[in-house]
Amino acid sequence: MSLSDDEIVALAAELGRRLASRRALVTAAESCTGGLVAGAITSIPGSSGWFQRGFVTYSNEAKTEMLGVPAETLARHGAVSEETARSMAEGALRAGRANYAVAITGVAGPDGGTPAKPVGMVCFGWAALDGSTTSTTKRLPGDRAAVRHASVIVALQGLIDKIGPEQ
């Protein structure tokens, strides 16, 4: 992914406008995207006014230590699951001291896929201080770069949708 990708830059800028209009902060918890969401957000001038922090939690240990994802959730559902994505988002919201959080965990490939969790399966979670948490699973096509790129778009659009229109 290039941070100059027009769609990603437009989404990150829209996210910033919506957050700024609410004086709200966002945080990101990323696994398979390895910080690309945080990178997209911070490519926008002025993002320090609405981006709180990011967590790259690639390992299960990091998910548990940094975000408080229960080991039982990881053991029962696996790292690539909506349950884990929801827990990551809720943990990022708490640890990140933000109003909104997004979490991404998936199989970007080219290795690591299984019949139950194939390459391109990515789980997303979004959490807000109002207590609402939502999640979804997408099957994203393409190679590793394409899956990660599409994941950033889904993550940013999901935050925009969760926040709602500018105030």
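No value in this document is a laboratory result; all are computed from the given coordinates. Since we're looking at a predicted model, the values are computed, not measured. FYI the Cβ positions are ideal-geometry reconstructions off the backbone, even for glycines, and counts take in every protein chain you see.
Among Val26, Val154, Val102, the largest mean-square fluctuation in a Gaussian network model of the chain, built with springs joining Cα atoms closer than 10 Å, belongs to Val154.
With neighbours defined as other Cβ atoms within 10 Å of a residue's Cβ, the residues Thr114, Thr137 order from fewest to most as Thr114, Thr137. Each Cα pair under 8 Å and six or more residues apart adds its separation to the average, and for the chain the resulting relative contact order is 26 percent.
For segment 8-61 versus segment 95-167, the inter-centroid distance based on Cα atoms is 12 Å. Coupling constants for segment 87-104 follow from the phi torsions by the Karplus curve (6.51 cos²θ - 1.76 cosθ + 1.60, θ = phi - 60°), and in residue order they are 5, 4, 5, 5, x, 5, 4, 5, 5, x, 6, 10, 8, 9, 9, 10, 9, 9 Hz; glycine and proline get x.
Annotation: Cα Rg of the chain relative to the compact-globule expectation 2.2 N^0.38 Å equals 0.95. Run the reach check for Lys162 against aspartates and glutamates, Cα to Cα strictly under 20 Å, same-chain hits fewer than 8 apart removed. What comes back? Within reach: Glu7, Glu14, Glu30, Glu82, Glu83, Glu90, Asp130.
Computed extension gain for Asp6 through Thr137, at 0.36 nm per residue and net of the alpha carbon distance, reaches 44.7 nm. The C-alpha atoms of the chain define a longest principal axis, and helix 6-22 lies at about 60 degrees to it. With a Förster radius of 30 Å applied to the C-beta separation of Tyr58 and Gln167, the computed FRET efficiency comes to 0.25. Modelled this way, with points 7 Å down the Cα-to-C-beta line, the labels at Asp130 and Arg97 are 2.4 nm from one another.
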